[in-house]
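K.L.:
One structure follows; several queries about it will come next.
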Amino acid sequence: MASNQASLNQAKFVLPSNGLEQQTTLEIETKDFDYSKRSQWLRAAVLGANDGLVSTASLMMGVGAVKQDIKAMILSGFAGLVAGACSMAIGEFVSVYSQLEIEVAQMKRDKERGNGRGRERQDDEEKETLPNPLQAAVASALAFSVGAMVPLLAAFFIREYKVRLGVMVVAVTLALMVFGWLGAVLGRAPALRSSLRVLVGGWLAMAITFGLTKLIGTSGL
């Protein structure tokens, strides 16, 4: 009688852990895995767009510090967009290609140590997750270009010098806040603090570029 009661108690204790616990753990792991895969390239795109926004806006502000001509500002911004997008694409391609070579070499070493169908199946799954250098390069160039288009479009149709600078600063400010918020959401960080950090950084970049260029331009160098 005592042994039957002990078996019954043991059955009541074991059954819940084999069902609900394992299913919950599997769901959590799956959600985390899906989130990390999705957020990785999204966050990289946001950072690339933010880079294009800040660098192009700072370049245009620097040129605007010494030349009030709209053509000079637009041409400098367009040159910054093209140069920056190419630089981002080449840098990302080289970086991801190096990462690809490292992962492929590691897969070969693992394959030499292991054997069997399980090892082959695992290799096939790992090959599907390998980074694509060309895809990363195109994505980086596009992200940079999207960010760089904000100050260009803001200044393109405005002839008045002071109004043009003001509109460009406002447009860049709004874009910085949006990019900061997106980066915080994807990185699971405090949205307000992240947005303010990105905003202040962008303002500083534009102000320093404008001030130094103005100083050098007025000094006659």
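K.L.:
Restricting the first residue to region 71-91 and requiring it to be modelled with pLDDT under 95, which pairs with a second residue that is not in a helix (DSSP H, G or I) meet a Cβ separation below 8 Å and a spacing of at least six or different chains?
P.N.:
Close Cβ pairs satisfying both conditions: M73/K67.
K.L.:
May I pose another question? Sort out which residues of region 92-119 are modelled with pLDDT under 85 and surrounded by 12 or more Cβ atoms within 10 Å (Cβ to Cβ), and write them in order of number.
P.N.:
If the condition is that a residue be modelled with pLDDT under 85 and surrounded by 12 or more Cβ atoms within 10 Å (Cβ to Cβ), then E103, V104, M107, D110, K111, G114, R119 are the ones that fit.
K.L.:
Can you tell me which residues in region 158-197 are among the aliphatic types (A, V, I, L, M), under 18 Å from A148 (Cβ atoms) and at pLDDT below 90?
P.N.:
To start, the set of residues in region 158-197 that are among the aliphatic types (A, V, I, L, M) comprises 158, 163, 165, 167-172, 174-178, 182, 184-186, 189, 191-192, 196.
Restricting the remaining residues to those that are under 18 Å from A148 (Cβ atoms) gives 158, 165, 167-172, 174-178, 182.
Of everything in region 158-197, just one residue is among the aliphatic types (A, V, I, L, M), under 18 Å from A148 (Cβ atoms) and at pLDDT below 90, namely L182.
K.L.:
Name the single residue, out of those in region 129-186 being among the polar types (S, T, N, Q) and out of contact with any Asp or Glu (no Cβ under 8 Å at 6 or more places or on another chain), that is nearest to L47 (Cα to Cα). Don't jump to the end; show me each part of the working.
P.N.:
Quick first cut of region 129-186, residues among the polar types (S, T, N, Q) only: 129, 132, 135, 140, 145, 173.
Applying the additional criterion that residues be out of contact with any Asp or Glu (no Cβ under 8 Å at 6 or more places or on another chain) yields 129, 132, 135, 145, 173.
Details: T129: 22, N132: 19, Q135: 16, S145: 12, T173: 16 Å.
Checked region 129-186; the qualifying residue nearest to L47 (Cα to Cα) is S145.
K.L.:
Out of (1) of a type outside the set (F, W, Y); (2) modelled with pLDDT of 90 or more; (3) part of a helix (DSSP H, G or I); (4) more than 18 Å from A205 (Cβ to Cβ), what's the single condition that is false for A139?
P.N.:
Unmet condition: (2).
The values are calculated or read from the model by the stated rules, or taken from the named source; none is laboratory data. Just so it is clear, the structure is predicted and the values come from calculations on it, not from any experiment. When we count neighbours, we look across all protein chains shown, and the Cβ atoms used for this are built from the backbone with ideal geometry, even at glycine.
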